[in-house]
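For reference, the structure is listed below as structure tokens.
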Amino acid sequence: MIRAVPPGSTVGVLGSGQLGRMFAIAARRMGYRVHTLSPDVDTPTGQVADVEVRASYDDLDEVREFASRVKVVTFEFENVPAAAAAAAAEFAPVRPRGEVLHTTQNRLREKQFLTRHGFPCVPFRAVASLEDLRSALREIGTPAVLKTAGFGYDGKGQHKIISQGHAAAAWSLLGGHEAVLEAFIDFECELSVVAARGLAGDFAHYGLVKNDHLNHILDMTVAPAPVVESLCREAVEITRGVLETLDVAGVLCVEFFLAKDGRLFINELAPRPHNSGHFTFDACLTSQFEQQLRAVCGLPLGSTELLRPAAMANLLGDLWDHGEPDWSAACAFPEVKLHLYGKLEARPGRKMGHLTALANSGGEAARIAAAAREALTAKQR
Ligand code: AMP
């Protein structure tokens, strides 16, 4: 029998960024208390949580103390060391479980998991030396992408290799870290599915959405994705299989490449709410953050119904280059919702907030979101 962690209980979040902040907003709305642990203070999550603990994830005594004060632990940052998840699990259930973190925080382990279970992922080879890289390039062909196996996100720690002649330079740029060589996919577009799985194995998903990236960072998400229904069904079934095989309790996002020939390839997994699911906060009956809360607390999952087509535009630190953006200009679009994460310093490429536009079609929502974002800096130009 599932013992739910009921509203009024305290939930612990490892990590303190915007994902934890939006989780905490959803949790507090439902009457939960939230504790967060990370190495920083006055964080996006800490500003909303009841208690903000500043500690290193490697300080296992602090992690144990943190876990002993909450009823369930989840995370918003998947690079929490496995040892920290294990230490927390001595005192409270960690959901998703530590093994899910372990598999997904390393590209090589993740891809080996996916291929072992027959999920369609980008052709790859493990690379531990320049020799390995040269032979992997012969097998995979060029162009190819060399990525560090651990701690990579938003295109950090990756290099495109155009020809064998670039192997040595790419290998030295990666600093000799364990790596993965992937085939470069000349994709039609990038897509993702955010889904949740409850403690009883119940499953809910937000459908297939389309993601546009700029400089390897998500720029805009459009929901629903403008693709045929059969592709949506295929992507959702792959996602359901991934959550079941990993035995996830929580939210997980599967990012896909749609190749020009119509095939779907998994690019990567994120075992938590995802940037491409931020639109759910305003556009769905139950947001991905509330869904994470329900899943890890053993409550029934909520409806994922999309109330209106939507588009989400990220607000990066670059928007602050010439001073504070003009917030009232974006708020002048009545169908646009503004989210700011409370980050104290704007840096180029740093995710500072997002806008969600709701409209009668995804395309119209994307145009409105783009126009509202443009308006933020129009007077500075
Ligand atoms: P990642 O951090 O691995 O998700 O990569 C960030 C972005 O780089 C992706 O969203 C793609 O736009 C691009 N990218 C990464 N890997 C590949 C690949 N194998 N083929 C084509 N584009 C890629």
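Computed on protein heavy atoms with a 1.4 Å probe, the accessible areas place LEU243, LEU307 in the order LEU307, LEU243, largest first. Applying the Karplus relation 6.51 cos²θ - 1.76 cosθ + 1.60 with θ = phi - 60° to the stretch 97-112 yields 3J(HN,Hα) values of 5, x, 5, 5, 4, 4, 5, 8, 8, 9, 4, 5, 4, 5, 5, 5 Hz, where x marks Gly and Pro. When every Cα-Cα distance of the stretch 81-174 is counted in 5 angstrom steps from zero, the calculated P(r) takes the values 2, 12, 19, 19, 16, 12, 8, 6, 4, 1, 0 percent. Net charge dipole, the stretch 136-238: roughly 300 debye, given to the nearest 20, about the Cα centre with Cβ charges of +1 for Lys and Arg and -1 for Asp and Glu. Highest-first packing order for the peptide set 97-106, 342-351 is 97-106, 342-351, based on the mean count of other beta carbon atoms within 10 Å. Filter the GluC sites (Glu not before Pro) in the stretch 1-91 to those in DSSP coil with at most 16 other Cβ atoms within 10 Å of their Cβ, and list the result. Counting only loop positions with at most 16 other Cβ atoms within 10 Å, the GluC sites (Glu not before Pro) in the stretch 1-91 are GLU90.
Of ARG21, ARG64, ARG29, the residue with the largest accessible area leads and the full order is ARG29, ARG64, ARG21 (1.4 Å probe).
Accessible surface for the chain, divided over its residues, is 42 Å² per residue with a 1.4 Å probe. Using a simple spin-label model with pseudo-atoms 7 Å out from Cα toward Cβ, LEU130 and ILE217 lie 3.3 nm apart.
When +1 charges are put on Lys and Arg Cβ atoms and -1 charges on Asp and Glu Cβ atoms, the dipole computed for the chain relative to its Cα centre reaches about 320 debye.
Could you give me D for the chain, from Stokes-Einstein at 25 °C and 0.890 mPa s, where the hydrodynamic radius is the Kirkwood radius over C-alpha pairs? Units µm² s⁻¹, please. Could the numbers behind the result be given before it?
On the way: Rh = 21.4 Å.
In µm²/s, the coefficient is 115.
Close amide H contacts of ARG350 (hydrogens built in the peptide plane, cut-off under 5 Å, sequence separation of 5 or more or a different chain): GLY317, ASP318.
Computed from the C-beta positions of GLU244 and LEU338 and an R0 of 25 Å, the FRET efficiency is 0.10 to the nearest 0.05.
Could you work out how far the C-alpha centroid of the stretch 226-279 sits from that of the stretch 3-53, in angstrom? Their Cα centres are 26 Å away from one another.
The per residue volume of the convex hull around the alpha-carbon atoms of the stretch 133-238 is 145 Å³.
Computed from the C-beta positions of ARG109 and VAL41 and an R0 of 25 Å, the FRET efficiency is 0.20 to the nearest 0.05. Computed with every protein chain present, the accessible area of CYS121 is close to 20 Å² [probe 1.4 Å].
Taking only alpha carbon atoms, the stretch 71-136 gives an Rg to Rh ratio of 1.12, where Rh is the Kirkwood radius. Only one residue of ALA369, GLY342, HIS354 has its Cα farthest out toward the positive end of the dipole of the stretch 331-381, where Lys and Arg carry +1 and Asp and Glu -1 on Cβ, and that residue is GLY342. Accessible surface ranking for VAL51, VAL127, 1.4 angstrom probe, highest first: VAL51, VAL127.
The values are calculated or read from the model by the stated rules, or taken from the named source; none is laboratory data. Computed from a predicted model, the values in this text were never measured in an experiment. Every residue, glycine as well, gets a Cβ built from its backbone with ideal geometry; the counts of neighbours run over all protein chains shown. To get the accessible areas, we keep the full protein, side chains included, count just its heavy atoms, and leave off ligands, DNA and RNA. Shrake-Rupley method; radii C 1.70, N 1.55, O 1.52, S 1.80 Å.
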